[in-house]
Amino acid sequence: MSLNKAVEAMQQTPIFAGIDPKRLRLLAFMSESLTYRAGELLFDQGDEGDSAFVVIDGSASVLINIGGEKKEVAVIGSKQIFGEMAVLCDIPRTAAIGAKSDLDVLRIDRDAFLKLLSEFTEVSLQVMRFLAARLEATTKDLGAAQAEINDLKGG
Amino acid sequence: MDKNLVRFVWTYGRMDTIKTLIVTFMTFPVIYISLEIPKIIVNKALGAGNTPTEFPINFLYMDMSNFEYLLALCFIFIVMIVLNNGLKFVLNVQIGLTSERMLRRLRYHLYENVLRFRIKRFQHMKQGEIVQSVMGEVEPLGGFFGEVISTPVWQGGMLAVYMTFIFLQDPYLGAAAIALYPIQGYIIPKLQKKVVKLNKMRVTNVRKIADNLGESVGAIEEIHSNDTARWHLAQVADRLYENFSIRLQIFKRKYLIKGLNNFMIALTPFAFYLFGGIQVLQGNLEIGSLVAVLAAYKDVAGPWKALLNYFQRWTDLNSRFELVVENFTVDGLVYDRERVYDENPTPLKGEVEIKNVSFGPGSSGLNGASSKAPLGAFTGVLGGEEGGRELILKMMVGLVEPEGGRVTIGGTQVTEATMPAVGQGVAYVSGDNAFFAGTLRENLTYSLRKSASMLSDTDTAEAVEKLSEANITGNFAAEPLGDWTDYAAAGVTDGAELDARIVELATKVGLAAELYSLGLQSRIDPSDHPEIAEKIAGARNTLRDAAAQNRELADLVEFWDDGAFNQNASLLENVLYAMPKKARTSIADYAEDADVVAVLAESGAEQPLIRAGLAIARQLVELLGAVDEDSSLLDSFSDYSKKDILASAEVVEKYRMKSDHKPSDEEKRLLLSFALAFIPVRDRLDAVDDEVEAQLLAARTKAIQLTQNSDKFVSFGEDVYSPALSLSENLLHGKRRYDRRSAWKKFDDFLEDEIERSGLREGITAVGLGAQLGAGGAGLSASSKKRSALIRALLKRPEMVVIDGVAAGVSPEDDAIREAIVAEMAGKSVVMSLTTEGAARKCDHIIMVSDDGTAKDGATASMLEPAE
């Protein structure tokens, strides 16, 4: 699997969109390209979160433990990223991820990502922009939800 | 040890000093003759004397003309000069030899004393101070030892010779020459005294600097995390200033003394010219004699200066010697020599009795604690979390000396027993036992390193000299690199049995898994472990077949096929289809291996490899071009060193300027090293296109022919163990797939099963013993270190083992280790610190340490609440 494919996939994710492809290529070079077979687990719920994954090819299932059984609650498709929050803050995995089909991913290690952030300020800025946008969207959603609750209470 | 420098030299360097003195005395007549001859030449041969000489003159039983007479005298003169300088050379060498021997002895003495210090001495004497004393402070003494006795004799003797000569010429001139000596003899010692005092201050100050330095290195993490660098800098700066001001004062006084001396020495010729001149004018003194006296006096200045200089150095160095020696021989704080060299020790054995011991302040100390640990029992020590428990355990093995009270084992006070008696009788394990750079085996058998491997003088001239020098200087005449293992102490007869015993213990205390994985990662020389190597090479095909048949496993490995490119192997392996016999640390290093380079060139792989290397270099430069030169980012690529990445930028630039650039040898090495270590699936750079791949495969065919019949390579096609690959790589006729790394565990489990089945496990575990640990045992995890410390303790089969903070909890794992220790020590005493009562149920005896610093003990049933 060449680095180019990984960079292409990264560019499609919101967090990396807009970052100089050269930097993405370096990040991809410092990361691992891994292949999983259908049914294999990438990580389990509650595991230490130390890496983010970009799906290059194939699809993955988001699995939640319900009554001792893993239930698929969502599917992650090609050119999507998951686990990125774990790279920025030290939180355990909130769900398990399994390969739904044969799955090619780029595994971005926290240390590599942080090194890149500290080396290139423009990358940090872009990531901040992404986080701010997400925060804004979340705040908006929260406001809307709050308004709805108030409506329901009042009504 | 003698605190007086002269006595020290006379006691230990007597023979050397006497030899020096003999040579010294031999020089005196030579010097006298070489003074006498010029006078005879001037006065007699040249006729400048008052009474003219009659020729022919009878000299050396021959009649000589004045011309012959002059020649003969000059000849004697030149012989004397040669003789004089020859003797001086011998003398200086002898002085140097004596000095070095004495210095070696002194340092050895000091170090021996350090090892003989009572443990409590180390509370006051820190590492920095000891190092400074043994190495730096005594260094200037080195040049002086040989001179202590010989210089005053030599220079004083010369002075006497010159003075005798002058007195014989004219008593008045003689008197004039020494007229000022009494004044010098009075003033200079007075000034010198102050210098000595300053010197002592300086030494003490330097010791404190050494201490500060040592302390800040030890506390470097605290300094970084608290931002206190400036405070430490200020502290050292202040000490350095003190050093400066002391030295300045010393300098001023030293040069004052020197100036005074020079002045007085210069005054004397004034007297010669005045009184000598009058004598000559009056006809009482021949002019030749006055010239000779003046010449002699010029020579007198030398020894006299040397004597004064000697006196200065003597007072300085003698005080320094005293200062150092005093520090290492404090009364009551240094054990007798017997303590180290006890030939017939009685190992400590028996009931441990702690009587009314006290140590330290507050709840972390002990205050009148008394307890017992019965012989042959498993004693658990509970409570005293603040430090009391640790103190009691350390006191049991003599590592802490109680301030009050006493600790005995079988009636012998532990701190008074000899080192061999303690070492053979008891073992101590804690979380922080020391580990040394070396193999794991060396670290585990550290407790058996007691059968001294003595020097012998049978092999070489060097061995003879080494032994004789050791004897002359009173050093321990042993060879540290020899086999020091006391096999009998471990109950085995040789190294193989010892290895088996270690593996047995490792299994019991839970270190076997670590050993096994260290073993799998190790590279071995097949001639060291012929059986394992053969078995592994033999198992390779079976393993491949087994793995190939299992779809899941086959998916994890890319097997070797001599006609296909292996995307998960380095280009080196891909081209050679073999590995060199001589192992190197990393694949990139093979770019420096002459045999490898030759095969690459001959097989036609060099050009495509350099092309690939250049492609890698270009991409690295592109990827990392914007990165700062000292960024930590450049250290993150284990296969590409920072130095090489930076160097590659220059090469890439040269190719950019001139596409047919002819690379220099160093550039070739760099590009080759990039290419050889390149693994396509892992590194994912665009370095090997279809054309290069085809060229490399073509080169492989030729390389196989070249390496097949070479004894420098092991081909992948042979069923032979390859020393350049690790044990686990040798088990596999292929490469693990890097993109399937997440599933490698499955393959590890498969390998483990197969290894178990083929009976290789024990052998591989033993190989793990040869793994290098690095400084301070860095290659081991904290828990492995604890287990290793347990093995070290149990290996020497002590009468009692005291364990603090290892396997102290209630987990089933800790419980199993405790059971193994008790079984291993059957009939002997085991004392362990335990964290909870639950962990103490299986003890025979309990010691309970209270926070008020007291302790009580009794049988387990009487000490613990019954379990619910």
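A Cβ distance below 7 Å, combined with a sequence gap of six or more or placement on separate chains, defines the contacts here; from the stretch B:815-840, residues that are in contact (Cβ under 8 Å) with a residue 24 or more places away in the chain reach residues that are of a type in the set (G, A, S) and outside any loop (DSSP other than H, G, I, E, B) in the pairs B:S829/B:A373; B:V831/B:A373; B:M832/B:G380; B:L834/B:G380; B:L834/B:A840; B:A840/B:G380. Any idea which of (1) under 14 Å from B:I532 (Cβ atoms); (2) at pLDDT 90 or above is the one B:T701 doesn't satisfy? Result: B:T701 passes all but (1). Remark: pairs (first residue in the stretch B:442-455, free of Cβ contacts under 8 Å to residues at least 60 places away in the same chain; second residue among the basic types (K, R); Cβ separation under 9 Å; 6+ apart in sequence or on different chains) = B:E442/B:R449; B:K450/B:K796; B:L455/B:K466. The set of residues in the stretch B:645-667 being of a type in the set (D, E, K, R) and either within 14 Å of chain A (Cβ to nearest Cβ) or surrounded by fewer than 19 Cβ atoms within 10 Å (Cβ to Cβ) (or both) consists of B:E650, B:E653, B:K654, B:R656, B:K658, B:D660, B:K662, B:D665, B:E666. Checked against the criterion of being touching a residue at least 12 places away in the same chain (Cβ under 8 Å) and out of contact with any Ser or Thr (no Cβ under 7 Å at 6 or more places or on another chain), the candidates B:A743, B:A677 yield just one match: B:A743.
When the test is whether a residue is on the phi < 0 side of the Ramachandran plot, at pLDDT below 80 and either crowded, with 17+ Cβ neighbours inside 10 Å or not in a helix (DSSP H, G or I) (or both), B:V293 passes it. Within the stretch A:113-136, residues that are within 12 Å of chain B (Cβ to nearest Cβ) and surrounded by 14 or more Cβ atoms within 10 Å (Cβ to Cβ) reach partners that are of a type in the set (D, E, K, R) and in a helix (DSSP H, G or I) with beta carbons closer than 6 Å, at six or more positions or on different chains, in the pairs A:F120/A:R23; A:V123/A:R23. Inspection of the stretch B:740-747 finds no residue satisfying the criterion of being among the aromatic types (F, W, Y) and assigned by TED's automatic domain parsing to the domain that holds B:L576. Across the stretch B:688-708, the number of residues qualifying as within 14 Å of chain A (Cβ to nearest Cβ) and crowded, with 22+ Cβ neighbours inside 10 Å comes to 1.
Considering only strands (runs of 3 or more DSSP E) fully contained in the stretch A:5-108, which possess at least 2 residues that are within 13 Å of another protein chain (Cβ to nearest Cβ) and crowded, with 19+ Cβ neighbours inside 10 Å? Those strands (runs of 3 or more DSSP E) span A:32-36, A:41-43, A:51-57, A:96-99. Exactly one residue among B:S673, B:S664 is polar (S, T, N, Q), over 29 Å from B:G717 (Cα atoms) and within 46 Å of the chain's Cα centre (by Cα), and that residue is B:S664. Candidates B:P361, B:P345, B:P374: the one that is surrounded by fewer than 18 Cβ atoms within 10 Å (Cβ to Cβ) and without any contact (Cβ under 8 Å) to a residue 24 or more places away in the chain is B:P361.
Take the conditions (1) surrounded by fewer than 22 Cβ atoms within 10 Å (Cβ to Cβ); (2) touching a helix residue (DSSP H, G or I) at 6+ places or on another chain (Cβ under 6 Å); (3) hydroxyl-bearing (S, T, Y); B:T836 misses just one of them, which is (2). When B:S636 is tested against (1) more than 14 Å from chain A (Cβ to nearest Cβ); (2) under 29 Å from B:L727 (Cα atoms); (3) surrounded by fewer than 18 Cβ atoms within 10 Å (Cβ to Cβ), exactly one condition is not met: (1). Hey, does the stretch B:456-469 have a residue that's on the phi > 0 side of the Ramachandran plot and not assigned by TED's automatic domain parsing to the domain that holds B:M15? There is no residue in the stretch B:456-469 that is on the phi > 0 side of the Ramachandran plot and not assigned by TED's automatic domain parsing to the domain that holds B:M15.
Per the conditions (1) within 22 Å of B:L633 (Cβ to Cβ); (2) in contact with a strand residue (DSSP E or B) (Cβ under 6 Å, 6 or more places away or on another chain); (3) of a type outside the set (A, V, I, L, M, F, W, C), the sole criterion not satisfied by A:R25 is (2). The residues listed here are B:D719, B:D711, B:D739, B:D748; of these, the one that is more than 14 Å from chain A (Cβ to nearest Cβ), of a type outside the set (G, A, S) and either closer than 19 Å to B:E558 by Cβ or not in a loop (DSSP other than H, G, I, E, B) (or both) is B:D748.
Inclusion of B:P152 among residues that are in contact with a helix residue (DSSP H, G or I) (Cβ under 9 Å, 6 or more places away or on another chain), surrounded by fewer than 19 Cβ atoms within 10 Å (Cβ to Cβ) and farther than 26 Å from B:N475 by Cβ is warranted. Summed over the stretch B:480-519, residues that are in contact with a strand residue (DSSP E or B) (Cβ under 7 Å, 6 or more places away or on another chain) and more than 27 Å from B:S783 (Cα to Cα) total 1. When you check B:G218 against the structure, is it touching a helix residue (DSSP H, G or I) at 6+ places or on another chain (Cβ under 9 Å) and loosely packed, with under 15 Cβ neighbours inside 10 Å, yes or no? Considered against the rule, which asks whether it is touching a helix residue (DSSP H, G or I) at 6+ places or on another chain (Cβ under 9 Å) and loosely packed, with under 15 Cβ neighbours inside 10 Å, B:G218 comes out as yes. Check B:L141, B:L110, B:L103, B:L173 and return the single one that is touching a Gly at 6+ places or on another chain (Cβ under 6 Å), crowded, with 19+ Cβ neighbours inside 10 Å and under 30 Å from B:Y341 (Cα atoms). Exactly one of B:L141, B:L110, B:L103, B:L173 is touching a Gly at 6+ places or on another chain (Cβ under 6 Å), crowded, with 19+ Cβ neighbours inside 10 Å and under 30 Å from B:Y341 (Cα atoms), namely B:L103.
Condition check ((1) without any contact (Cβ under 8 Å) to a residue 40 or more places away in the chain; (2) under 22 Å from B:G185 (Cα atoms); (3) not in a helix (DSSP H, G or I)) across all residues:
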{"position": "B:F275", "(1), (2), (3)": "no, no, no"}
{"position": "B:I278", "(1), (2), (3)": "yes, no, no"}
{"position": "B:Y297", "(1), (2), (3)": "no, yes, no"}
{"position": "B:A306", "(1), (2), (3)": "no, yes, no"}
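Only residues that are more than 22 Å from B:M848 (Cβ to Cβ), in contact (Cβ under 8 Å) with a residue 12 or more places away in the chain and not small (G, A, S) were counted across the stretch B:404-425, and they come to 7.
The values are calculated or read from the model by the stated rules, or taken from the named source; none is laboratory data. No experiment lies behind these values; they were computed from the predicted model shown. A quick note on method: Cβ atoms are made from the backbone with ideal geometry, for glycine too, and the neighbour counts reach across all protein chains shown.
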